[in-house]
Structures are given as C-alpha cells and as structure tokens.
Amino acid sequence: MNDIKFFSALGIPAINFLYDFIMIISGLGYGFKKKIFDIAEINLNEKVVADIGCGTGTQLKVIMEMYFPTKVYAIEPDDSMLNRCRKNLNKSNKSIKYIGAVAEETTLQNSEIDVCVSTLMAHHLTTDKKKEMAKEIFRILKPGGHFILTDWGKLRFEFIKYLLVFEKQDLLKDNINGNLLIFLQDAGFVIKKHQKMKWSGIYTTVFMKPE
Ligand SMILES: C[S@@+](CC[C@H](N)C(=O)[O-])C[C@H]1O[C@@H](n2cnc3c(N)ncnc32)[C@H](O)[C@@H]1O
C-alpha cells in the first residue's frame, strides 16, 4: 500500500474486491461507460488519453474496444484498484502506462494529453482537491484538448443523496450544488456539452481547453 491519501472506491478499501460487481448491479458497469462516449462524441483514435481515477479499468476497457489511441495513461492512487485494472486490461497491452498518483498531481507533463477522461472520481475529492484537480487537468491537456467528466451533479430529488450509501455526503456537496463545474471553468475550461445520463443525477460534461 502506498502512502497517498484518498477516499477509496466504496469508502472502505477492504471491500474493493466487490467494486465491479456493485457497478454492474447498479447499472454503472460497461454499458453505462460506453454510453459516455455516445454522449461525448469525441474520437479517441490516434490520441494520447489519460483516465484519471481509473479504478478497475472498465472505462479504459471501453476506450480500448472503441478506439485506437496511441498512448493511454491509467492514473489511480489505490494500489489494489490499479492492480485489478492491470489484470482486467491484460498486462501485455503495451500502449497503457499505469501510474499510482492522484488527480491533483498526476506526474504527467504539461500539454501532454489530447483527451482526459474521469468517471465517478471527482466526488471523492474535498473542495480544495477538486480545485487542484481542475488546474492539474488543464495543465496536462494540449490546447484544444478535451476533458470528459462523468460524475454526480444536480439531483432531481434531494433525498437521492441519502441512497448513495458508499459516498461521503460532505464530498458530494460541490457536485450537487454545481460548484464542481464552476471550479473547472475557473481553471480555464469551456463547457461544450452537459448531458444527464440515464441515472438520475449523473451527468457527462465535455470541457475544452481553449486553443
Ligand atoms: C467510484 S471509483 C470510479 C472508478 C472508475 N473510474 C470507474 O468509473 O469505475 C473512484 C476511484 O477514484 C479513485 N480516487 C480517489 N481519490 C482519488 C484522487 N485524489 N485522484 C485520483 N483518483 C482517486 C478511487 O481510488 C477509486 O478507484
């Protein structure tokens, strides 16, 4: 286990092994992750891509099946999730580089990435870390590059937040009140698309770093 501090996938690291199963039964598995790219309409062929908080790699699996990116970074601070990701994506896939790091400090170079993807990760961050993540993703993207963010947003019904038993209510606040999108715009991003997913309260937002 590394010493990076983060809020784990299900809130308790010991139950990480249940993650893929819980995603499937909640309707947040492969099909959900494929739908993100139908909404985003961004072509990842021959692009340098980073998945920030990649977890067990379902989003990357979708990407590798739909597109032919030139290089892919799988960024994840939780060793046990990153190891599962490696297994799920098959170690022999040479175009994927696995990095144990956080969204606030990815270790990637300035303007190195064409498309950043982050699915259901941002609500694991405190307000300060959300702001740091926004600046960090802006830094690593090329001008004209895109950030495809899928996460909790405004809820149709307030009570829904109490059904999210694996989430920390205080970390969800910035998502639900719209501040997360503001932090990203404050970092310099322009919103190109913002669309609700099938699930009540989860949105895919496509941001662009201006040329
Ligand atoms: C709900 S899971 C989502 C995983 C994957 N993106 C997916 O959609 O299945 C959230 C992930 O974010 C990771 N995470 C938590 N804090 C993070 C941080 N500061 N930077 C990057 N990832 C983080 C967790 O370890 C976990 O794997």
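The values are calculated or read from the model by the stated rules, or taken from the named source; none is laboratory data. Small disclaimer: the values here were computed from a predicted structure and weren't measured. So basically every Cβ, Gly included, is an ideal-geometry build from the backbone, and we count neighbours across all protein chains shown.
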Residue in region 1-12 that is closer than 20 Å to Gly145 by Cβ, in contact with a Lys or Arg (Cβ under 7 Å, 6 or more places away or on another chain) and either outside any loop (DSSP other than H, G, I, E, B) or touching a residue at least 40 places away in the same chain (Cβ under 8 Å) (or both) present: no
- prompt: Of all residues in region 11-53 being near the ligand (Cβ under 10 Å from one of its atoms) and of a type in the set (Gly, Ala, Ser), which is nearest to Met66 (Cα to Cα)?
  reply: Gly29
- prompt: Is it the case that region 136-150 has a residue that's at pLDDT 95 or above and more than 25 Å from Asp38 (Cα to Cα)?
  reply: yes
